[in-house]
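**Student:** Structure below; questions to follow.
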Amino acid sequence: MPKSTKEKNFSLNGLPKRTVKPRNNGLTMVMDKGLSTYEVNSFLEIAGPYTDIVKLGFGTAYVSPNLKDKIALYKAHNIPCYFGGTLFEAFIARNQFNDYIAALEKYEMEFVEVSDGSLEIPHKQKLKYVEALAKKGYKVLSEVGSKDAEKIFPPYQWIELMNAELNAGAWKVIAEAREAGNVGIYRGSGEVREGLVQEILTKIKKDQIIWEAPQKAQQTWFIKLIGSNVNLGNIAPNEIIAVETLRLGLRSDTFHHFLK
C-alpha cells in the first residue's frame, strides 16, 4: 500500500494546509487513458495518496481488456473511478440509457459522469439523466461545456447550466477542457479565459467545480487564484506528484506565491 500523505520525508514549516482524503475539496482527478494493471500498480505505489478519483477516459472502458481488474485495483486503494462522459454519450446516442445503468451496476461504479460535449442533448433531458442517476445513489459529475472549439458559451450560460445541474443532484460540475486543455474554459492556445472563470466564481461555489487543467500553466493559474485546495481534473498519471508540489509551493511556479 502507498505511504500515507502524513508520512513526509522532511520537515518544512509554513506549507499550505492540504485537505485530507477522503475530501470534498482539493481533489485531484486523474485521466486514465488505458493503463495496464501493471502500470496502475506502479502508479498507485507513488501517486495513490495524492489521487482522489480516476476517470477512465472517453470510451476506453469499452475496449480495455483488464477493466474489472483495473477497477478492483483502484478500489483496493480507496480510489473511486468512473467511466468517461463520452461513453455515457455513446449509450445515449443509441437510446441505451438502461443498458448504461446495467453497466454501472455490473462494475459496481459509485460515480458517474453525465456530459454532452460531443452529443447535443437538450438540457432538460440532460437534467433528467442527472436527476435519475442521483436518485439511484450515484455521485454524479456533470460536465459543462462543449468539446467543439467553435461553441463559445457566454459566462451567464455557464452559470445557468452549472446551477441547474447542481440543483438536479450533481455532486460536482466539471468545467470542460478536453484532455488537451484547449476548449471550453480555455482558448485554443491553452490560455485560461480568465474573465469567464472569475464570473463563474461569483455565482458558483469553488468547491462545487472541478476544473479540467491538464497543462502545468493551467494548474498553476487555478492554484494561485483559488488556493492549494482547488479541485483539478484531467491530470495525467505521471504528473500527480508534480501537481502536488505545485499545490504546496514546492515548484518554482508557485514557490513565492506560498511564501507570503
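The values are calculated or read from the model by the stated rules, or taken from the named source; none is laboratory data. Please read these numbers as outputs of a predicted model, since none were measured by experiment. Positions of Cβ are generated from backbone atoms using ideal geometry, with glycine treated the same way; all protein chains shown enter the neighbour counts.
**Student:** Return the only residue of Tyr82, Tyr38 being aromatic (Phe, Trp, Tyr), modelled with pLDDT of 95 or more and within 20 Å of the chain's Cα centre (by Cα).
**Tutor:** Tyr82
**Student:** Applying the selection to segment 45-72, what residues are more than 24 Å from Gln215 (Cβ to Cβ) and surrounded by fewer than 21 Cβ atoms within 10 Å (Cβ to Cβ)?
**Tutor:** Glu45, Tyr62, Val63, Ser64, Pro65, Asn66, Leu67, Lys68, Asp69, Ala72, listed by residue number.
**Student:** When segment 216-260 is examined, which residues are found to be out of contact with any helix residue (DSSP H, G or I) (no Cβ under 9 Å at 6 or more places or on another chain), in a helix (DSSP H, G or I) and among the polar types (S, T, N, Q)?
**Tutor:** Residues satisfying the conditions are Gln218, Ser252.
**Student:** If Asp99 satisfies all but one of (1) part of a helix (DSSP H, G or I); (2) within 25 Å of Gln215 (Cβ to Cβ); (3) in contact with a helix residue (DSSP H, G or I) (Cβ under 9 Å, 6 or more places away or on another chain), what's the number of the condition it fails?
**Tutor:** (2)
**Student:** Output yes when any residue across segment 165-184 is surrounded by 17 or more Cβ atoms within 10 Å (Cβ to Cβ), assigned to a helix (DSSP H, G or I) and at pLDDT 95 or above, and no when none is.
**Tutor:** yes
**Student:** Looking at segment 15-78, what helices (runs of 4 or more DSSP H) fall wholly within it and have at least 3 residues that are in contact (Cβ under 8 Å) with a residue 60 or more places away in the chain?
**Tutor:** Helices (runs of 4 or more DSSP H) meeting the threshold: 37-47.
**Student:** Would you confirm whether or not segment 15-32 contains a residue that is charged (D, E, K, R) and more than 20 Å from the chain's Cα centre (by Cα)?
**Tutor:** yes
**Student:** Moving on to the next point. For Glu143, are the conditions met, namely being under 22 Å from Pro80 (Cα atoms), of a type in the set (D, E, K, R), surrounded by 14 or more Cβ atoms within 10 Å (Cβ to Cβ) and modelled with pLDDT under 90? Don't jump to the end; show me each part of the working.
**Tutor:** Details: under 22 Å from Pro80 (Cα atoms): yes; of a type in the set (D, E, K, R): yes; surrounded by 14 or more Cβ atoms within 10 Å (Cβ to Cβ): yes; modelled with pLDDT under 90: no.
Against the criterion (under 22 Å from Pro80 (Cα atoms), of a type in the set (D, E, K, R), surrounded by 14 or more Cβ atoms within 10 Å (Cβ to Cβ) and modelled with pLDDT under 90), Glu143 does not qualify.
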